[in-house]
Amino acid sequence: MSEEHAKIAVIGLGNAGLPLAAVIADSGITVTGVDINEERCRRINRGDNPIPEEAGLEELIKAHGGKRLVATPRFEDARRCQTFIVIVPVFVDSGNNPDFSIMKEALFSLGRILKKGDLVVLETTFPPGTTEGVAQNWLIESSGLAGIDFFLAYSPERIMTGYSISRLREFPKVIGGRDEESGMLAYQVYSKFICNLHLVSSARVAEMIKVMEGCYRDVNIALANELFKICRKLGVDFFEARENANHQFCQIHLPSTGVGGHCIPVYPWFLIKEMEKREHFGNCSLLRASREINDEMICYWAERIIQECLKINKPLSSIKICIKGITFRAGVKEFYHSRNLGLARLLMEKGLDTYVYDPLLSESDVRAKGLRYIDPKMADLLFDPFRLTFECPEK
Ligand SMILES: NC(=O)c1ccc[n+]([C@@H]2O[C@H](COP(=O)([O-])OP(=O)(O)OC[C@H]3O[C@@H](n4cnc5c(N)ncnc54)[C@H](O)[C@@H]3O)[C@@H](O)[C@H]2O)c1
């Protein structure tokens, strides 16, 4: 590895990119962070952390923002770097196909400053084959270079919002190259700031590792949800059964209102769509069924809420129902694919007198989502979607 490859740029300073850029800076390396959000760049350069819920980030931004970590909206400012780490989002569209538009734009901007001998490492979660496929093609097209002129690798981001710094410092991180040389170079560069690093045989394997993890979680949550519903029909306490069933080889997950966020509900679709393109529909029936089971959990909980309402001595339409939490996960102010938000909206569609209370949200935050806020004490029935519990506050 040349010393030059230690001049690193991180493209995308969002929830995933900023903690990574901060950890790299904290290891003593100078980082140029590129993000099209100018206000975010200004904040970072002032040492002002834009993600307060991220444990440990505050100190790092204060120490390195505008110093060892310089944020800029201009790709041109990163021209002298030789390693480019890209971490901008890939979503799925309304047909559940990957939407690469943000990534394509970022790679085209990067291509315009890419030089012979540079290393590009992609971290966004992709369908396996994306790095050596479309991503490489976009870099070639925009840079005018040949593929062999630059090194290309993939290392999935495995953080969790709120715990990103500790994850980057402790959790195993995998890295794989488009070819052996790229893999080796990327491994050497990353070794300077990631302790628990594992080189795998290819970018495609590294891509699959991250997607597999998401599928495992989705399928196992679907299994827990299904067993939970069966237990109720059979008069069995699911939680007691689970506690005693789990051991080294059996890890039943927890039931829920479904699966939200940018990751777990999205990644199974990457594989389902790849199999559909190849007309191997049968290879992904478990993944598809799990998606359906998890998505339909809000219908199950809406029914359970109605059953609880029927125990209250009041007409159904005048019972004030409060959903205690509409973020996709407890403690994280994010709504992407939030099933709890979906549940509140479903109850409203059913004509029920539905309200929301969320400790992370103000009354106007709740109203901005088209929902009504309530002090939980004023509700007739509270449903906590994180603990799956019902409560009737005493009046
Ligand atoms: N957030 C997580 O917990 C998490 C966990 C694991 C993996 N990931 C992966 O990271 C990816 C990014 O997620 P995120 O949470 O950081 O997204 P985010 O929306 O928080 O941040 C994306 C950032 O990219 C910037 N951006 C968009 N287009 C750009 C461009 N053309 N050039 C430069 N910057 C650009 C945006 O301004 C934004 O700051 C996800 O798609 C996922 O694959 C995220």
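Here is the P(r) of the stretch 210-295: all C-alpha pair distances, binned every 5 Å from 0, give 3, 15, 22, 21, 17, 12, 7, 3, 1 in whole percents.
Taking every alpha-carbon pair under 8 Å whose residues sit at least 6 apart, the stretch 43-141 reaches a relative contact order of 24 percent.
Mind checking the angle between helix 17-26 and the chain's longest principal axis? C-alpha axes, 0 to 90 degrees, to the nearest 10. The angle comes out near 50 degrees.
If I take every Cα pair under 8 Å that is 6 or more residues apart in the chain, average their sequence separation and divide by the length, what percent do I get for the relative contact order?
11 percent.
Taking the helices alone, the chain has a mean residue ellipticity at 222 nm of -12000 deg cm²/dmol, built from -39,500 (n - 2.57) per DSSP H run of at least 4 residues and averaged over all its residues.
Largest mean-square fluctuation among Ser109, Ser285, Ser202, in a Gaussian network model of the chain whose springs join Cα atoms under 10 Å apart, belongs to Ser285. Among beta bridges identified by DSSP and lying wholly in the stretch 297-391, the antiparallel ones come to about 35 percent. One chain, two ends: Arg112 and His280. Fully extended at 0.36 nm per residue, the span grows by 56.7 nm beyond their Cα-Cα distance. Among the aspartates and glutamates, which have Cα under 14 Å from the Cα of Lys377 when same-chain residues fewer than 8 positions away are ignored? List returned: Asp358, Glu391, Glu394.
Each label point was placed 7 Å from the Cα along the Cα-to-Cβ direction; for Asp149 and Val236 their separation is 6.3 nm.
Counting neighbouring beta carbons within 10 Å and listing from fewest to most, the residues Met208, Met275, Met378 come out as Met378, Met275, Met208. For the chain, the Kirkwood estimate of hydrodynamic radius, built from reciprocal distances between every pair of different alpha carbons, is 22.9 Å.
Computed over the chain with a Gaussian network model linking Cα atoms closer than 10 Å, the most mobile of Gly14, Gly370, Gly177 is Gly370.
Within the straight-line cut-off of under 13 Å between alpha carbons, the aspartates and glutamates reachable from Lys116 are Glu4, Asp149, sequence neighbours fewer than 8 places apart in one chain being disregarded.
At q = 0.10, 0.20, 0.22 Å⁻¹ the log10 of I(q)/I(0) for the stretch 297-391 amounts to -0.22, -0.91, -1.12, computed by Debye summation with a single uniform scatterer per C-alpha, solvent ignored.
The relative contact order of the stretch 297-391 comes to 33 percent, based on Cα pairs under 8 Å that sit 6 or more residues apart. When the Gaussian network model of the chain links Cα atoms closer than 10 Å, the mean-square fluctuations of Asn15, Asn246, Asn196 top out at Asn246. Note on the chain: antiparallel DSSP beta bridges, both residues inside, total approximately 20 percent of the bridges counted.
The numbers here are math on the coordinates, done by the rules we state, and not lab data. Just so it is clear, the structure is predicted and the values come from calculations on it, not from any experiment. Cβ atoms come from the backbone with ideal geometry, glycine included; neighbour counts cover every protein chain shown.
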